[in-house]
Structures are given as structure tokens and as C-alpha cells.
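The structure appears below as C-alpha cells.
What follows draws every value from the coordinates through simple rules; no lab data is involved. Predicted, not measured: the structure shown is a model, and the values here were computed from it. Neighbour counts run over all protein chains shown; Cβ positions are idealised from the backbone, glycine included.
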Amino acid sequence: MNNFTRQCAWCSQTFTTSIHNKIYCSRKCLDRKKDLRRRERTNTPTYFLMVCQSCKQQFVSRRKNQIYCTGACSDYYREQRRKENEAGRWKAAQRPLWKARIYYRDKGICQLCQKPIDLTIAYPNPMSYSIDHKIPRSQGGSHNQSNLQATHLICNTKRGNKPIDN
């Protein structure tokens, strides 16, 4: 077994060890170095320049993941989202006749594969009727009739959240 002669990184004392990457002569020196690092971290705060997601103003934060400048902005943004949800912007269930309107508007033809859609086929079947968003909601599309189209379930699933190329 090899013995290595080292100089302690904390107290500069020479010591002998069998561990090739040991840099402190004792646990006491290691703990002192850790304590110094801990104190340095707490004494020098880090600040981040952020942009508020609600009011779009710049602000300084000590946290890297803070997205609102104040609690008021956070509350305001949360309230706006709640109002949008209550208004039914995201709820297709509040518009029960839309499926039928879109089906007849598109003349019962899948807008992606241009084949007819059979309404007698139930949901789990890949050829069942489905409503698709032309501009996906994940990319800012709205849930109104002008952004919806009739499709087969399999065609809608294959397209995923990609927008339609014009």
C-alpha cells in the first residue's frame, strides 16, 4: 500500500496518508474549512434581476425562481386566471352544442385526413369523432369555434400540439 505525503490545505501542516486524494490532515481542519465556506455563502447574498410575470416590470430578487415582484402581483395574476376559468374560456363542457356545430360546419369530414367521420363510432376507437385546435392551446390558441375543427381521434393524436401549416 502506498503512503502519500501531503500538506494540509487548511493548516499547512505536513502529514502522511494512504488515501491519494486526501487534502486535510484531520477532521477538525475539514470542518473548519466547511464552516468558513458556510459563513462566506451566508455573508455574500446573490441577487438576480427578474421580470415580473404579472406586471412585466423588472425587479431584484434573492431567489432564482421568483416570478412575481410582490405578493399583490401574484394575487392579481391568480385572480385573473380564476376569472378566465370561471368565464369558461377553458371549459368545453359549458358549450354542449359545439361538437355538433363544428361537425356540421365541417360537413362531417376530418380536416386533417379529408375522410368522412362516422358519429356511430364511440370514443376509444381511433376513428371516433374528436375536436382539434388549429392553433394549440399550449401555444396560445383560444377555445372558440374559429380555432376548432372536426377530426378523427387518431389524426388529432398524431398531430399533437403542432400548429397547422398554411
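What number, in percent, do you get for the relative contact order of the chain if the mean sequence gap of Cα pairs under 8 Å and at least 6 apart is divided by its residue count? Walk me through the numbers before you get to the answer.
Working: 197 pairs, mean separation 18.9, N = 166.
Across the chain, relative contact order equals 11 percent.
Cα to Cα, under 18 Å, and not fewer than 8 places away if on the same chain: which lysines meet these conditions relative to LYS107?
LYS99, LYS115, LYS134
If I model a spin label at THR5 and ARG81 as a point 7 Å from the Cα along the Cα→Cβ vector, what separation in nanometres do I get?
Output for this residue pair reads 6.5 nm.
Using the per-residue mean of other Cβ atoms lying within 10 Å as a proxy for protection, in what order, highest first, do the peptides 72-79, 17-24, 128-135 fall?
Answer by packing, highest mean first, reads 128-135, 72-79, 17-24.
Taking N as the number of residues in the chain, what is its Cα Rg relative to 2.2 N^0.38 Å? Mind showing how you got there, number by number?
Working: Rg = 31.0 Å, N = 166, 2.2 N^0.38 = 15.3 Å.
Against the empirical 2.2 N^0.38 Å value, I get 2.02 for the chain.
Rounding to the nearest 10 and keeping the result within 0 to 90°, find how far the Cα-based axis of helix 71-86 lies from the longest principal axis of the chain.
Once rounded, the angle reads 30 degrees.
Per DSSP H run of n ≥ 4, the term is -39500 (n - 2.57); total these for the chain, divide by its residue number, and report the mean residue ellipticity at 222 nm rounded to 500 deg cm²/dmol.
-9000 deg cm²/dmol
How far, in degrees from 0 to 90, does helix 27-43 lean away from the longest principal axis of the Cα atoms of the chain, to the nearest 10?
Between helix and principal axis, roughly 50 degrees.
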